[in-house]
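Asker: After the structure tokens below, expect a handful of questions from me.
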Amino acid sequence: MRTLFRLKTQQLISRTFIHPVSLPAPGGWRAAPSRLCSSPPNEDRPRPSMLRHLTSKIKATGPIPVAEYMREVLTNPVTGYYVRNNMLGPDGDFITSPEISQIFGELIGVWIISEWMASGRPRRLQLVELGPGRGSLAADVLRVFGQLRSVLAEASVSLHLVEVSPALSLVQAGSLTADGGRAANGEDEAAYRRGETAAGLPVSWYRRLEDVPAGFSIFVAHEFFDALPIHKFQRTERGWREVLVDIDPEKPDALRFVVAPAPTLASATLPQEGERRPHVEVCAEGGVLVQQLARRIAEDGGAALIADYGHDGTKTDTFRGFKGHRLHHVLDSPGSADLTADVDFSYLRRMAGGGVACVGPVTQRSFLKNMGIDARMQALLRSCGDPAVRKQLLASYDLLTSPAHMGERFHFFGLLHPSRLQAPPTPQGLKLERRRSPAPLPVAGFAELSYT
């Protein structure tokens, strides 16, 4: 059965790829060492409204946690980075893998269908993407679904997007729906926007994961967890202390990091007992979100695929900013740059609990190669006679897989229903009892799929 499943997954890959890639007193706070930037703050820049908002908050309540700073800077409904800016693509602040090559999204689409098949081909399939960006990944996945329509013929497929940015939801609707979508009617409706793809698949937008309907779902989170707010903690002689954001007393229009003089609720509860690192980052919101995903998968079936910058509990200080595809000081001109921190997959695994099976993390290079990107690229190069297109294909392949670029910086991590990794029942009978028990079906991407 393992061999049959491998062959089916390889058949999906070969059938899919037919398109070319086109308050304490101020004296009580101690300044924290600044290791969190690559360029000095720009003091000549006009003071933006986000900075005014933050300094007013700090004057009223005292230094704020890094998590609160990130939340305000990125998702404030008036001046937040994700609300006001078009940050994706060549003209934005960063480029994601789906923007580099559609091969990436196509392989994710194959992974989704292979997991749906391994789960027994449920009659209902909800594709749920968290933070869908421009909608490029979802568009590539839906194209795979269209090419494998015969495989999904008996399934009721729908697309559900969790997106907090009204501006990006309009971009996504323009990319994914036939009519640009429409605002949902009524305040009681969980979705705030609805539409249909050209093929007639329903698409819905939500602000929160908990608003997505229950049911068998495959969740995809690509470069989503790295933007969730983190708490930062510094080990001191008196135990863990939280790193906070304060106003620089020597530069009233600038911010600085300080170490809290006393324990905070976060520093007393979030660092793990036995932690050996001198500096740790904990994404409590990411932990809660993984618990929600795990609960839904355990109750309704399905899987979650998380792809992001990350590590397995080894790194310390990864908080950084990006603006115009360059590193940017995280405290300089807040609201004008993206803020991110590497995902601690060991923390996500711990928070997922025992109700689901976790696989990974594996590097993006390993995942894509296991999914067959080399065979896909060879087929494209054989059928391409245009030197410029061939150069573009090779460049995109290098960006996605090279250790010097995204190949080993990004990692894939999966949550599966526990039954997914259980061995199929052993056939019973006089002639079958001596056969070796069947092994669990392999998980595409996390294990090499061979034709043998």
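The values are calculated or read from the model by the stated rules, or taken from the named source; none is laboratory data. For clarity, every value in this text was computed on a predicted model and none was experimentally measured. Positions of Cβ are backbone-derived with ideal geometry, glycine not excepted, and every protein chain shown enters the neighbour counts.
Asker: Would you check if Val245 is buried (at least 19 other Cβ atoms within 10 Å of the Cβ) and in a loop (DSSP other than H, G, I, E, B)?
Answerer: When the stated conditions are applied, Val245 does not pass them.
Asker: Within the range 397-407, is there a residue that is at pLDDT 90 or above, hydroxyl-bearing (Ser, Thr, Tyr), farther than 27 Å from Ser119 by Cα and crowded, with 16+ Cβ neighbours inside 10 Å?
Answerer: yes
Asker: If I ask for residues that are within 20 Å of Gly407 (Cα to Cα) and more than 16 Å from the chain's Cα centre (by Cα), which ones from the range 357-367 would you list?
Answerer: Correct list: Arg365, Ser366.
Asker: Any residue in the range 183-194 that is on the phi < 0 side of the Ramachandran plot and hydroxyl-bearing (Ser, Thr, Tyr) sitting within a Cβ distance under 8 Å of a residue that is loosely packed, with under 14 Cβ neighbours inside 10 Å and modelled with pLDDT of 90 or more? List the pairs, counting only those 6 or more apart or interchain.
Answerer: Between residues of the range 183-194 that are on the phi < 0 side of the Ramachandran plot and hydroxyl-bearing (Ser, Thr, Tyr) and residues that are loosely packed, with under 14 Cβ neighbours inside 10 Å and modelled with pLDDT of 90 or more, there is no close pair.
Asker: Output the residue which, of all residues in the range 307-346 that are among the basic types (Lys, Arg) and farther than 15 Å from Cys283 by Cβ, is surrounded by the fewest Cβ atoms within 10 Å (Cβ to Cβ).
Answerer: Restricting attention to the range 307-346, the residues satisfying the condition of being among the basic types (Lys, Arg) are 315, 320, 323, 326.
Retained after the next criterion (residues that are farther than 15 Å from Cys283 by Cβ): 323, 326.
Details: Lys323: 20, Arg326: 12.
My answer is Arg326.
Asker: Among the residues of the range 275-293, are any under 19 Å from Phe225 (Cα atoms) and at pLDDT below 95?
Answerer: Looking through the range 275-293, none of the residues is under 19 Å from Phe225 (Cα atoms) and at pLDDT below 95.
Asker: Still on this structure, I have one more. Can you give me the number of residues within the range 192-202 that are crowded, with 17+ Cβ neighbours inside 10 Å, over 11 Å from Leu142 (Cα atoms) and in contact with a Leu (Cβ under 9 Å, 6 or more places away or on another chain)?
Answerer: Here the count works out to 2.
Asker: Could you tell me whether any residue of the range 266-273 is under 23 Å from Lys57 (Cβ atoms), in contact with a Pro (Cβ under 8 Å, 6 or more places away or on another chain) and in a strand (DSSP E or B)?
Answerer: no
Asker: Within the range 207-216, count every residue that is in contact with a Leu (Cβ under 7 Å, 6 or more places away or on another chain) and more than 17 Å from Val157 (Cβ to Cβ).
Answerer: The number of residues fulfilling the criteria is 1.
Asker: Follow-up. Given the structure, is Asp211 more than 27 Å from the chain's Cα centre (by Cα) and surrounded by fewer than 19 Cβ atoms within 10 Å (Cβ to Cβ)?
Answerer: no
Asker: In the list Val157, Val144, Val151, Val128, which residue meets the criterion of being within 17 Å of the chain's Cα centre (by Cα) and among the β-branched types (Val, Ile, Thr)?
Answerer: Criteria check complete, one pass: Val128.
Asker: Also, quick follow-up: For a quick check of your reading: which strands (runs of 3 or more DSSP E) sit entirely within the range 294-356 and have at least 1 residues that are more than 18 Å from the chain's Cα centre (by Cα)?
Answerer: 320-323, 326-328
This table checks each residue for (1) among the polar types (S, T, N, Q); (2) under 22 Å from Leu209 (Cα atoms).
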site: Gly120; (1), (2): no, no
site: Leu125; (1), (2): no, yes
site: Arg134; (1), (2): no, yes
site: Phe145; (1), (2): no, no
site: Ala155; (1), (2): no, no
site: Leu159; (1), (2): no, yes
site: Ser175; (1), (2): yes, yes
site: Ala178; (1), (2): no, no
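Asker: Out of (1) part of a loop (DSSP other than H, G, I, E, B); (2) within 30 Å of Ala183 (Cα to Cα); (3) out of contact with any Gly (no Cβ under 9 Å at 6 or more places or on another chain), what's the single condition that is false for Gly215?
Answerer: Tallying (1) part of a loop (DSSP other than H, G, I, E, B); (2) within 30 Å of Ala183 (Cα to Cα); (3) out of contact with any Gly (no Cβ under 9 Å at 6 or more places or on another chain), Gly215 fails exactly one: (3).
Asker: Any chance the range 420-434 includes a residue that's under 21 Å from Ile297 (Cα atoms) and modelled with pLDDT of 95 or more? Give the steps one after another, and end with the answer.
Answerer: Initial filter on the range 420-434 (under 21 Å from Ile297 (Cα atoms)): 420-424.
Narrowing the set further to residues that are modelled with pLDDT of 95 or more leaves none.
The answer is no, given that none of the residues of the range 420-434 is under 21 Å from Ile297 (Cα atoms) and modelled with pLDDT of 95 or more.
Asker: Output the number of residues of the range 354-376 satisfying the condition of being under 24 Å from Val280 (Cβ atoms) and touching a helix residue (DSSP H, G or I) at 6+ places or on another chain (Cβ under 6 Å).
Answerer: Of the residues in the range 354-376, 2 are under 24 Å from Val280 (Cβ atoms) and touching a helix residue (DSSP H, G or I) at 6+ places or on another chain (Cβ under 6 Å).
Asker: If the requirement is being crowded, with 19+ Cβ neighbours inside 10 Å and either of a type in the set (Asp, Glu) or touching a helix residue (DSSP H, G or I) at 6+ places or on another chain (Cβ under 6 Å) (or both), which of these qualifies: Ala266, Ala304?
Answerer: Details: Ala266 fails: either of a type in the set (Asp, Glu) or touching a helix residue (DSSP H, G or I) at 6+ places or on another chain (Cβ under 6 Å) (or both).
On inspection, the qualifying residue turns out to be Ala304.
Asker: Failed condition for Asp253, given (1) over 15 Å from Ala341 (Cα atoms); (2) assigned to a helix (DSSP H, G or I); (3) charged (D, E, K, R); (4) touching a helix residue (DSSP H, G or I) at 6+ places or on another chain (Cβ under 8 Å), with all others met?
Answerer: (2)
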